Amino acid sequence: MMSPSERIGRATPYILMLLGILLVLTASQAMISLAAQAYLSIAILLCTLIIRRRPGHFARLLMMGLSTFISLRYIFWRLSYTLEFENWFQTSLMLTLLFAEVYSWIILFLGYMQLVWPLNRKECPLPDDESLWPSVDVFIPTYNEDLSVVRNTFLAAMAMDWPADRLHVYLLDDGRRREFRNFADEVGVNYVIRANNQHAKAGNLNYALAHTSSELIAVFDCDHIPVKSFLIRTVGWMVQNRDISLIQTPQHFYSLDPFQRNLDISEHIPPESNLFYGLVQPGNDFWNATLFCGSCAVLRRTALVSIDGFAVETVTEDAHTSLRMQRKGWESAYLRETLAGGLATESLALHVGQRIRWARGMVQIFRTDNPLLGRGLSLGQRFCYLSAMLHFFFPIPRIIFLLAPMAFLFFGENIIYATPLAVMTYVVPHLLQSVLTQSRMQGRWRYSIWNYVYETAIATFLAPVVVAAFFAPRRGTFNVTAKGGLITKDYLDTRMVRPNIVIGCLLVMASFFGVQGMIDHRATPVLFQTYGMNLLWTTANLLIVLAAVTVGYERRQVRRAPRISAQLDIVLRDPEQGKRYPAQTQDLSKGGLSVTMLGPLPQGVQMVEVEYINKRDKITTCVPARIVNQRDVLVRLEWMSRDTQDETAIIEMIFGRSDAWSQWSNYSNDKPFHSLTILTRSIANLLMLVILRRARQV
């Protein structure tokens, strides 16, 4: 039972939101002169700049209200005063742009609703009496992945801190490979195969569900390596509240994604996935609408049984499964603690393939199990799921916004019937308010402008998939995202950037038309301003497209085991002399480690034993390593593991620590101008690198 104060805390966002919506809807429809609109916008912008620096939920809610107010004024103005139907071509272009703008406003509003009060849920302790702890089946589905990727996850899962008689690890091998069966026999995990691959991953999980019996089920993708304390830190919520069907944790990626690696921004910009796991999921959690993400989660068997197992109707079985459980009245929870690490997609092509599946699946759910329809969901849950599904329609509006200024610059068609001054008076405040508000809301999780780069890089590939899934939701098959691959040399993936190169060329041509138009009509203020406004729009689009193209320049990646930065106090022991040398690690990988010594090692030392003790996580490592090279106090070593026990110890040391991924959110809060600077600098640096390499080849 919640206390009265907790009830008030829960109700406060609803009350403030309702009052805010009523006030905003009333005030935003009042039409005033352009001068008054300009003064109003300036006053609200100044208020926003003052509020933005203040901490707390109220300041954030107020910024959201002001942004919604200004954006509503823009949309009402667009619908009421800027539509003029001249001919079928102009009308088509005008309505196309209007569709993209209305869609963007809906997504903006749903995003504000979704993030109105992110719930920062804390860990819930387990009962002291271990006999009350439930049994857990760990499902790790595989299909065509390399065993070198899979081994780490299974050894880490078997080493999780949980009573041995209540922890059962299952290798679900839809590839039915002999080497995987041998591995399972070697390390002692349960090996499960089925006669066919029907329903792909969901079918694999359902088959295992029917042949196991533990109360809880933990699911990991085969490249997601859990920390030893994963179950200790998550299952407490399932024990305390029997109505919770799902507790989801972030999917953290310890290798660089294509944007970070190809643009060389890993130290400056948060990963693309951080927004969803750092902010969106806590926002969903407030509304009891946490999405199951297919990995790094614990589910209740009785909840799954109540919906006849994992959903098989769409290719995103994870989100659809959580939706179906919540329709049945089950609760969900999200713990924003990084308790597992996985591999990001290695290339832009693989990244696009993964997003194609997500987009297809979410559009399929939108068509076949629309959250606005049917029973069982609260209003907040409906909004959260609707926001998640509508988000994946972004490729169509994104392409429209990229091409829209060409309507005037190429064809002379006015698709916004208003003077440039009127357009700027309404659109600039709308854009500024939304950028500043989202910058405040997203903070360290996503930086301004970068969402345009992420979307533009993949929009042309997702657009046809979204259209096809909308009109034919039953079509489409599940595709497995390959992990652990290598990129042997730098190269431009022309197949992945060709559409954006075409768009970029069109934008360059449009820019020339814009400059020429301004020169030709410099004596006609309205036309001069119209050309100038569209030229500015085209230039901004060109910057984004250029960034999207540069992401397709794949950088060399030949390490199968990415290095992970970690400063751990260790001891190097000389097995021959018995001497011990304190040291601190700089980075670790499955292949070896780099350490800093207090002083140089004595000459002649070739082999040492790496000793590491972590009492908190019950990790003890003593594994031999060969010295590869030494430069003063910096020593590089290669692991020389003798058996599976040594391999497990290495994995525990690298991946099993509770704080292994605690740095995932250590980014400063967003500053829009600084974010733009990083974007332009990364593009310039990469272009210069390509030019210099081409020059050397010539």
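Results, tabulated for the structure shown:
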read-out	value
Checking P271 against (1) in a loop (DSSP other than H, G, I, E, B); (2) open to solvent by less than 30 Å² (accessible area, probe 1.4 Å); (3) more than 27 Å from I458 (Cβ to Cβ), the condition it does not meet	(3)
Given (1) open to solvent by 90 Å² or more (accessible area, probe 1.4 Å); (2) in contact with a strand residue (DSSP E or B) (Cβ under 8 Å, 6 or more places away or on another chain); (3) hydrophobic (A, V, I, L, M, F, W, C), number of the condition M688 does not satisfy	(2)
Any hit, the range 522-531, residues being assigned to a helix (DSSP H, G or I), modelled with pLDDT of 90 or more, open to solvent by 50 Å² or more (accessible area, probe 1.4 Å) and of a type in the set (F, W, Y)	yes
Those residues of the range 435-452 which are open to solvent by 10 Å² or more (accessible area, probe 1.4 Å), closer than 18 Å to L679 by Cβ and part of a helix (DSSP H, G or I), in sequence order	V435, L436, Q438, Q442, N451, Y452
Selection status of I70, out of contact with any Gly (no Cβ under 6 Å at 6 or more places or on another chain), without any contact (Cβ under 8 Å) to a residue 40 or more places away in the chain and open to solvent by less than 70 Å² (accessible area, probe 1.4 Å)	no
Restricting the range 303-322 to residues that are at pLDDT 95 or above and among the β-branched types (V, I, T), the residue that is most open to solvent (accessible area, probe 1.4 Å)	V305
Every residue from the range 169-204 that is open to solvent by 70 Å² or more (accessible area, probe 1.4 Å) and more than 25 Å from T316 (Cα to Cα)	R178, E179, R181, N182, D185, E186
The one condition in (1) open to solvent by 10 Å² or more (accessible area, probe 1.4 Å); (2) out of contact with any Pro (no Cβ under 8 Å at 6 or more places or on another chain) that Y254 fails to fulfil	(2)
Top-ranked residue of the range 236-272 - restricted to ones that are farther than 18 Å from P282 by Cα and β-branched (V, I, T), ranked as nearest to the chain's Cα centre (by Cα)	I269
Number of the exception - R233 against (1) within 17 Å of the chain's Cα centre (by Cα); (2) among the charged types (D, E, K, R); (3) closer than 30 Å to N614 by Cα	(1)
Selection count, the range 372-395, where residues are in contact with a helix residue (DSSP H, G or I) (Cβ under 8 Å, 6 or more places away or on another chain), more than 22 Å from F99 (Cα to Cα) and either of a type in the set (S, T, Y) or part of a loop (DSSP other than H, G, I, E, B) (or both)	4
R121 vs. criteria over 21 Å from C293 (Cα atoms) and not hydroxyl-bearing (S, T, Y)	no
Filtered residue count, the range 568-615, keeping only those that are farther than 16 Å from M640 by Cβ and in contact (Cβ under 8 Å) with a residue 60 or more places away in the chain	1
Subset tally (residues that are among the β-branched types (V, I, T), more than 26 Å from the chain's Cα centre (by Cα) and part of a helix (DSSP H, G or I)) for the range 71-128	3
Residue ID - nearest to S229 (Cα to Cα), chosen from residues in the range 129-165 that are open to solvent by 50 Å² or more (accessible area, probe 1.4 Å) and assigned to a helix (DSSP H, G or I)	M158
Test: residue in the range 384-404 that is open to solvent by 20 Å² or more (accessible area, probe 1.4 Å), over 30 Å from V315 (Cα atoms) and not small (G, A, S)	yes
So L506, is it in a helix (DSSP H, G or I), modelled with pLDDT of 95 or more and over 30 Å from H268 (Cα atoms)	yes
Residues satisfying the stated conditions in the range 254-268, i.e. modelled with pLDDT of 85 or more, over 16 Å from W445 (Cβ atoms) and not in a helix (DSSP H, G or I)	Y254, S255, L256
The range 169-209: number of residues that are in contact (Cβ under 8 Å) with a residue 40 or more places away in the chain and either on the phi > 0 side of the Ramachandran plot or over 30 Å from the mean Cα position of the chain (by Cα) (or both)	4
Selection from the range 310-360 of residues that are under 16 Å from the mean Cα position of the chain (by Cα), in a helix (DSSP H, G or I) and either of a type in the set (K, R) or over 22 Å from G278 (Cβ atoms) (or both)	L348, L350, V352, G353, R355, I356, R357
Subset of the range 353-383 that is crowded, with 23+ Cβ neighbours inside 10 Å and of a type in the set (V, I, T) - its residue that is farthest from Q260 (Cα to Cα)	I365
Listing of strands (runs of 3 or more DSSP E) fully contained in the range 590-663 that carry 1 or more residues being under 27 Å from F230 (Cβ atoms), modelled with pLDDT of 90 or more and among the aliphatic types (A, V, I, L, M)	592-597, 607-614, 619-631
Cross-chain or 6+ apart pairs with Cβ under 6 Å, the range 417-445 first and farther than 21 Å from M113 by Cβ and aliphatic (A, V, I, L, M), then modelled with pLDDT under 95 and open to solvent by less than 50 Å² (accessible area, probe 1.4 Å)	A418/T82; V423/I416
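Let's see how each residue does on (1) under 23 Å from the mean Cα position of the chain (by Cα); (2) more than 30 Å from Y417 (Cα to Cα); (3) open to solvent by 30 Å² or more (accessible area, probe 1.4 Å):
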{"residue": "W537", "(1), (2), (3)": "no, no, yes"}
{"residue": "V545", "(1), (2), (3)": "yes, no, no"}
{"residue": "R556", "(1), (2), (3)": "no, yes, yes"}
{"residue": "S565", "(1), (2), (3)": "yes, yes, yes"}
{"residue": "K590", "(1), (2), (3)": "no, yes, yes"}
{"residue": "T596", "(1), (2), (3)": "no, yes, yes"}
{"residue": "V610", "(1), (2), (3)": "no, yes, no"}
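One line per residue, one yes/no per condition, for (1) closer than 28 Å to T302 by Cα; (2) at pLDDT 95 or above; (3) touching a Gly at 6+ places or on another chain (Cβ under 9 Å); (4) not basic (K, R):
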position: Y103; (1), (2), (3), (4): no, yes, no, yes
position: M113; (1), (2), (3), (4): no, no, yes, yes
position: N120; (1), (2), (3), (4): yes, no, no, yes
position: V136; (1), (2), (3), (4): yes, yes, no, yes
position: F154; (1), (2), (3), (4): yes, yes, no, yes
position: N190; (1), (2), (3), (4): yes, yes, no, yes
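Conditions (1) at positive phi; (2) open to solvent by 60 Å² or more (accessible area, probe 1.4 Å); (3) aliphatic (A, V, I, L, M), marked per residue:
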| residue | (1), (2), (3) |
| --- | --- |
| V605 | no, no, yes |
| K618 | yes, yes, no |
| V635 | no, no, yes |
| W664 | no, no, no |
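The values are calculated or read from the model by the stated rules, or taken from the named source; none is laboratory data. Not measured: the values here are computed from a predicted model. Every residue, glycine as well, gets a Cβ built from its backbone with ideal geometry; the counts of neighbours run over all protein chains shown. These area figures cover heavy atoms from the full protein model, side chains too; ligands, DNA and RNA do not enter into them. Shrake-Rupley method; radii C 1.70, N 1.55, O 1.52, S 1.80 Å.
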